[in-house]
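Since the structure comes first, as structure tokens, the remarks are kept for the end.
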Amino acid sequence: MLASIAIVLGYQIVGELISRLTGIPVPGPVIGMTLLLLSFFVKDDLVEKVIPSANALLANLSLLFVPAGVGIIRHGQRFMNEGVGIMIALIASTIIAMLVTGWTIMLVEKLMKIEEED
């Protein structure tokens, strides 16, 4: 389990270093997560090494929403003033994400059928 957490945190640190040294406006953990995903394609057994920490994080995922809830309570007045705009942005972005995901799935299915026919 310790090795599994070390791998995940190591990728996060590398991503943070890349973000800070290059000035890329992408959070370090996102870069680290992308590097970890790419590493999964290169090294097959890496997935099995990361599974223990992934399961532990997923089992306690609800705890990760506590800071967001505290932030909402802390900025309650801002939500009262700008709540309509925030709700419109949330609904619109959710709909756009769902549409793009659906279109991507349909495109991949089409490409997979073309590949199978070849």
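Stretching the chain fully between ILE24 and LEU111 yields a gain of 28.1 nm (0.36 nm per residue, less the alpha carbon separation). Averaged per residue, the chain has 82 square angstrom of accessible surface, using a 1.4 angstrom probe with ligands and nucleic acids left out. Using a probe radius of 1.4 angstrom, the carbon and sulfur fraction of the accessible surface of the chain is 74%. Between the residues ILE88, LEU35, GLY71, the greatest Cα displacement towards the positive end of the dipole of the chain, with unit charges on the Cβ of Lys, Arg, Asp and Glu, is found for GLY71.
What you get for the chain, charging only the Cβ of Lys and Arg (+1) and of Asp and Glu (-1), is a dipole of about 700 debye around the Cα centre. Could you tell me whether the range 1-54 comes out rounded, prolate or oblate from its Cα gyration tensor? Rule is a ≥ b ≥ c as square roots of the eigenvalues, rounded for a/c under 1.5, then prolate if a/b exceeds b/c, otherwise oblate. Verdict is prolate for the range 1-54.
Once the convex hull of all Cα atoms in the chain is built, its volume per residue stands at 182 Å³. Computed from the Cβ-Cβ distance with R0 of 22 Å, the FRET efficiency linking SER93 to MET33 stands at 0.65.
The values are calculated or read from the model by the stated rules, or taken from the named source; none is laboratory data. Because the structure is a prediction, the values reported are computed rather than measured. A quick note on method: Cβ atoms are made from the backbone with ideal geometry, for glycine too, and the neighbour counts reach across all protein chains shown. These accessible areas exclude ligands, DNA and RNA; they are computed on the full protein's heavy atoms, side chains included. Shrake-Rupley method; radii C 1.70, N 1.55, O 1.52, S 1.80 Å.
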